[in-house]
Amino acid sequence: MAPSHLKVHTSALERLMKERTMCLKEVEEGSKQIEEMKLREAESYEIKKQEELVRESQRAIVAVDIKLEKEKKCLSDIILDYDGAESLEAAKDVLKRYEIVFGAR
């Protein structure tokens with residue numbers, strides 16, 4: 001039996017929240033690494049490449065934010081219209097964590 005729309009969208013929202021957290025971590029770590037590289041006067045090429053990685057992660061955050069918003073709305077709509085036998089607790093819990101972490105957008 002295939003997973004329900006509720007389960008699919010609940011898992012998708014969880015995955016996107018984790019992905020955004022990882023992207024933020026990459027930006028933070030990359031920025032620190034750039035500062036360290038500048039302090040030890042690393043090759044400008046190395047610094048430039050690290051800056052590209054940070055910019056790429058920043059672009060990924062923007063893309064994930066768009067997907068997060070869509071998935072949150074989709075899951076909220078599914079919960080509102082849901083009339084199945086499956087429990088809504090997991091989905092509601094994920095939405096609650098989304099609100100806590102990312103606030104009301």
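Some notes on this structure:
- In the range 24-105, GluC sites (Glu not before Pro) in a DSSP loop with at most 16 other beta-carbon atoms within 10 Å: Glu41, Glu43, Glu86
- Bridgeable lysines around Lys7 (alpha carbons under 23 Å apart, same-chain partners fewer than 8 residues away excluded): Lys18, Lys67, Lys70, Lys72, Lys73, Lys92, Lys96.
- On the beta carbon distance between Glu28 and Glu99, with R0 = 22 Å, the FRET formula returns roughly 0.45.
- Nitroxide proxy distance, nm - points 7 Å out along Cα→Cβ at Arg15 and Ala90: 1.4
Each value in this text was obtained by applying a stated rule to the coordinates, not by laboratory testing. The structure displayed is predicted, hence computed values, not measured ones. Quick reminder, even Gly has a Cβ in these numbers, built from the backbone with ideal geometry, and neighbours come from all protein chains shown.
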